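Where a number appears in this text, it was derived from the coordinates with a stated rule and is not lab data. In this text the structure is predicted, and so the values were computed from the model without any measurement. We place every Cβ from the backbone using ideal geometry, glycine too, and count neighbours over all the protein chains shown.
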Amino acid sequence: MRTKLLPLLFFISIFMACSKKDPAPREVKSYTIEQFINTTVVNGGSFSHDDSKILISSDKSGIFNAYTLSVQGGEMTPLTSSENASVYALSFFPEDDRFLYMMDNNGDELFQLYVQEAHGSTRSLTPDKGARASFQGWADDRKSFFYTSTKRDPKFEDLYEMDIASMTAKLIYQNEEAYDISGISNDKKTLVLGKPVNTNDSDIFLYTLADGSIKKVNTALSGNQFACFSDDGSQMYFMTDEGEEYKYLVKYELADGTKETVFKTEWDVWFADFSKSGKYFIMGINEDGKTVVRVTNADSGKALDFPKFESGDITGITFSDSEKWVRFYVSSSASPSNLYTMNLETGEHFQLTQNLNPEITPDDLVLAEVVRYPSFDSLDIPAIYYKPLQASKDSKVPALIWVHGGPGGQSRQNYSALIQYLVNHGYAVLAVNNRGSSGYGKTFYQMDDQDHGEGDLKDCIWGKKWMQEQDYIDTSKVGIIGGSYGGFMVMRALTHTPNEFALGVNIFGVTNWLRTLKSIPPWWESFKEALYKEMGDPVADSLRLYGISPVFHGNKVTKPTMVLQGAKDPRVLQVESDEMVAAVKANGVPVEYLIFEDEGHGFVKKENQIKGYGSILTFLDEHLKGEKKMKE
């Protein structure tokens, strides 16, 4: 059995640890927002049937489109030319050059699946108005693929199988209980279903398609997440935190229900999977805000010999069906992800992309540092810290507290063009992983439940205090910035603790929890009750939610405020930002408000990023540095 490797634990980390040295202060070249945004983003990477090329998505044109690249590198060949909605490439077909992709309507998240034929024509495979579809992978025989759709009921994702010879679909599981559909065995006999209990804990079930029987896998309240099946469908692998702080990997025997722990460490195991024939086993671990990927030969347990990189981590590993090639990404907080391939027969590897704008000198970018500081109750708070290279005791810089989305998200050691842009222009940035953040154990994760905008906000304030202790920080010039839940924290800070921060930048943040919790997208039905348990029920807990919702307390804002919002956002409706801006303006406070008509919950188009992120710097320079600039 190929799974015998797992208990051996012969895993070798394939990331290069960067020793952090505080460099001597120096001047760096100042780059424009256009130069930072002209760094290319590339994602995905499906091998063609003959292993000759790879399918990717890239925003090279200013918006995401589909491209191919030779597996040995060269120029990108465009396959789509959308100028409006982003195109996200999914997969080549198994035996020809057709490919699948998905699109929504400028950020409304109502994704539909499309096929581009070999001759270039395209058609929708899920033309159901108002429905949301999601690709769920290929059948083991590669004669069909699976997808979910909400066309029957907008609250429930049903599972379908699409035959690629006839391009006809059939319903194989009708979802009446708001389960999350997590995976299906290679023999198509067993379906894995998930059911959130709260935002940390979830139940996991095995559903037999032949007779409709269902069996619960976990026996205790715990966080459980499907990973993969064995080839023959007799074993299922999943991550769980039962009895532990962090998620570990477990093998479950379908025949008798026995479980075996196969990997455990002091961090969360994020994912695990096999290559197509089971020759290789891949596992990812969330280690202090960084993804550490481990790959082994399934029979020998020997670690795959990847190339070594001086600075950067290997992520996003995927094997071709033939298992002769593997693709992966290499990135760091100071370097955008670049796509590589490796020929496993020859050992040669190829860098397919060079995504950093060549006008930017890599040495002018800042490699983030993981720091920890004590909060108001002595709890250690982890954070990702970016110190400007030009900062010194004699050349003090302003600073920003960066708050991630969520609730329950995590600031990670990933490349951010916006953060690097701000740091390049002399702003220190502390990306706080406040209590309630994922990645630091379930106790830490649950510490903000129904306490939002209280302890987690204090963690941000104590992060500000930590920054003010650094002798190169201008202590009177510390602002707060964040998106989504982080945007809520920005406005909560400005209304609840109006004297703590010099200003706030709210990027599509929740400001009215009563409305947001009632208006969440229908496809979140499986998660709704769990979210209510964490945040509070908009009816039963209306008084508390009213109290923490910044829109009702705009009269307390005294510091300059900036708000950015996508008009198509289905999660945080534009009306929330409209009302928040009106409330602050009524208080006579300087407010900048940018609305992007063709964006949703996140800005993906380069022209909008340039306008939005450039405006953020202008706002900060005026209100933190006191540098008034002429507007074009």
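Can you compute the charge dipole magnitude of the chain about its Cα centre, using +1 on each Lys and Arg Cβ and -1 on each Asp and Glu Cβ, nothing else charged? Give it in debye, rounded to the nearest 20.
It comes to approximately 900 debye.
How much length is gained if the chain between Lys189 and Glu529 is pulled fully straight, taking 0.36 nm per residue apart and subtracting their Cα-Cα distance, in nm to one decimal?
Contour length minus Cα-Cα distance gives 119.4 nm.
Using the Kirkwood radius over Cα pairs, work out the Stokes-Einstein diffusion coefficient for the stretch 413-523 at 37 °C and 0.692 mPa s, in µm²/s as a whole number.
Approximately 216 µm²/s, per Stokes-Einstein.
What does the convex hull of the Cα atoms of the stretch 366-625 come to per residue, in Å³, rounded to a whole number?
119
Specify whether the C-alpha gyration tensor of the stretch 85-207 places it in the rounded, prolate or oblate class, a ≥ b ≥ c being the square roots of the eigenvalues: rounded for a/c under 1.5, otherwise prolate if a/b is larger than b/c and oblate if not.
oblate
Which residues does the label zone of Ser395 cover in the stretch 354-374, counting backbone N under 17 Å from a point 7 Å along Cα→Cβ?
Once the point is set 7 Å along Cα→Cβ of Ser395, 361, 363-367 turn out to lie under 17 Å by backbone N, inside the stretch 354-374.
Tabulate in residue order the Karplus-calculated ³J(HN,Hα) for the stretch 462-478, using 6.51 cos²θ - 1.76 cosθ + 1.60 with θ = phi - 60°, rounded to whole Hz; enter x for Gly and Pro.
6, x, 4, 4, 4, 5, 5, 7, 7, 6, 9, 9, 6, 5, 8, 10, 10
If the reach is capped at under 24 angstrom between alpha carbons, list the lysines near Lys465, excluding any in the same chain fewer than eight residues apart.
Lys20, Lys21, Lys387, Lys393, Lys396, Lys477, Lys556, Lys559, Lys625
Once you wrap a convex hull around the alpha carbon atoms of the stretch 348-446, what is its projected area averaged over all directions, in nm²?
9.3
For the stretch 252-350, which trypsin sites (Lys or Arg not before Pro) are both in a DSSP coil and crowded by at most 11 other Cβ atoms within 10 Å?
Taking the stretch 252-350 and a limit of 11 other Cβ atoms within 10 Å, the loop trypsin sites (Lys or Arg not before Pro) found are Lys308.
What FRET efficiency comes out for the pair Lys324/Glu177, r = Cβ-Cβ distance, R0 = 56 Å, nearest 0.05?
0.85
How long is the gain from Leu543 to Arg152 if the chain were fully straight, where each residue apart is worth 0.36 nm and the alpha carbon distance is subtracted?
My answer for the length gained is 137.2 nm.
State, to one decimal in nm, how far the label point of Asn297 lies from the label point of Thr443, with both points 7 Å from Cα in the Cβ direction.
Placing both labels 7 Å along Cα→Cβ, they lie 4.2 nm apart.
How many percent of the alpha carbon pairs in the chain exceed a separation of 32 Å?
The calculated P(r) of the chain puts 51 percent of pairs beyond 32 Å.
How far is the Cα center of the stretch 548-587 from the Cα center of the stretch 356-390, in Å?
Result: 29 Å between the Cα centres.
Roughly what would the spin-label model give for Ala582 and Glu345, points 7 Å off Cα along C-beta, in nm?
6.7
Estimate the FRET efficiency between Asn499 and Asn84 by the formula 1/(1 + (r/R0)^6), using the beta-carbon distance for r and 41 Å for R0, to the nearest 0.05.
It comes to 0.40.
For the stretch 268-362, state which GluC sites (Glu not before Pro) are in a DSSP loop and have at most 13 other beta carbons lying within 10 Å of their beta carbon.
Glu310, Glu345, Glu348, Glu359
Taking a ≥ b ≥ c as the square roots of the Cα gyration tensor eigenvalues, with a/c under 1.5 meaning rounded and otherwise prolate when a/b beats b/c, else oblate, which class fits the stretch 181-326?
Verdict is oblate for the stretch 181-326.
Please list the three semi-axes, largest first and in whole Å, of the ellipsoid equivalent to the stretch 16-86, using sqrt of 5 times the eigenvalues of its alpha carbon gyration tensor.
Semi-axes from the Cα gyration tensor: 32, 20, 10 Å.
Rank Ser519, Pro94, Ala530 by how far each Cα sits towards the positive end of the charge dipole of the chain (+1 on Lys, Arg Cβ; -1 on Asp, Glu Cβ) and give me just the farthest.
Value: Ser519.
Set the Förster distance to 30 Å, then compute FRET efficiency between Val575 and Glu607 from the Cβ-Cβ distance, nearest 0.05.
Plugging the Cβ-Cβ distance into 1/(1 + (r/R0)^6) gives 0.75.
Among Lys143/Lys276; Lys464/Lys611; Lys189/Lys216, which pairs are too far apart, with a Cα-Cα distance over 22 Å?
Violating the 22 Å limit, Cα to Cα: Lys464/Lys611.
Between the stretch 413-489 and the stretch 40-67, how far is it from one alpha carbon centroid to the other, in angstrom?
Here the two parts' Cα centres lie 33 Å apart.
For the chain, give me the percentage of DSSP beta bridges that are antiparallel, rounded to the nearest 5 percent.
Looking only at bridges with both residues in the chain, the antiparallel portion is about 80 percent.
Only Cα pairs under 8 Å and at least 6 apart count here; give the relative contact order of the stretch 183-248 as a rounded whole percent.
That works out to 27 percent.
So how much slack lies between Asn555 and Glu260, counting 0.36 nm per residue of separation and subtracting their Cα-Cα distance, in nm?
My answer for the length gained is 100.5 nm.
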